[in-house]
Amino acid sequence: MSSLDHISLHSTTRSRAEILMDRLSLGLAAAMMLLGLRQWAIIVGLAAGPGGGFETMPQIWQLATMHLGVVDLIAAVGLWLRSSWGRVVWIVAAVSEVAMHSVFIGTFGANFVIVAFHAAALAAMLVTWIGVRRAAKANH
């Protein structure tokens, strides 16, 4: 009798939705890593932000840049690990950036590329999550 006899001989197969969720999470992790690093490039002076250099930005822009620099990178790690907290932090980051460029357009200006990216990513994640839930119900 070997030490592996207690392991089930049945392999667990993953649904297409689960595989898609993993790939979507990894892709979003890469995108959020780039967005977070862009914010840090602005903070350390390697790039100019929409409000100019970090030191000359209005305080509200500095706060938003620091917030996104931290939250985007934390979301990237969580999404890469495919953890539930990573998705939550990513939603917070995405919603806050969408709000910046749509609700507070007078303060932060319009950035429709970022808004469209986050809206499409949120929709894709929602549809994929629904697919994962349906596949889990079908298997039980």
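Structural remarks
- Farthest toward the positive end of the dipole of the chain, out of His140, Ile91, Leu24, is the Cα of His140, where the dipole comes from beta carbon charges about the Cα centre.
- Electrostatic dipole magnitude of the chain [Cβ: Lys, Arg +1; Asp, Glu -1; Cα centre; debye, to 20]: 500 debye
- Residues with amide H under 5 Å from that of Ala47, placed H, sequence gap 5 or more: Ile42
- Mean separation of Cα pairs under 8 Å and 6 or more residues apart, divided by the residue count, gives the chain a relative contact order of 26 percent.
- Taking the charge dipole of region 1-123 about its Cα centre, with +1 at Lys and Arg Cβ atoms and -1 at Asp and Glu Cβ atoms, the residue from Val70, Gln59, Ile105 reaching farthest to the positive side is Ile105.
- The residues packed around Val113, meaning those with a beta-carbon under 15 Å from its beta-carbon, carry a net charge of 0 if Lys and Arg are +1 and Asp and Glu are -1.
- Where only DSSP H runs of four or more residues are counted, the chain gives -25000 deg cm²/dmol as its mean residue ellipticity at 222 nm, each run worth -39500 (n - 2.57).
- Spherically averaged projected area in nm², based on the convex hull that wraps the Cα atoms of region 48-133: 6.0 nm²
- Among 55-68, 76-89, 125-138, the order from most to least packed when residues are scored by Cβ within 10 Å on average: 76-89, 55-68, 125-138
Readers should treat all values here as calculations from the given coordinates under stated rules, not as data from a laboratory. In this text the structure is predicted, and so the values were computed from the model without any measurement. When we count neighbours, we look across all protein chains shown, and the Cβ atoms used for this are built from the backbone with ideal geometry, even at glycine.
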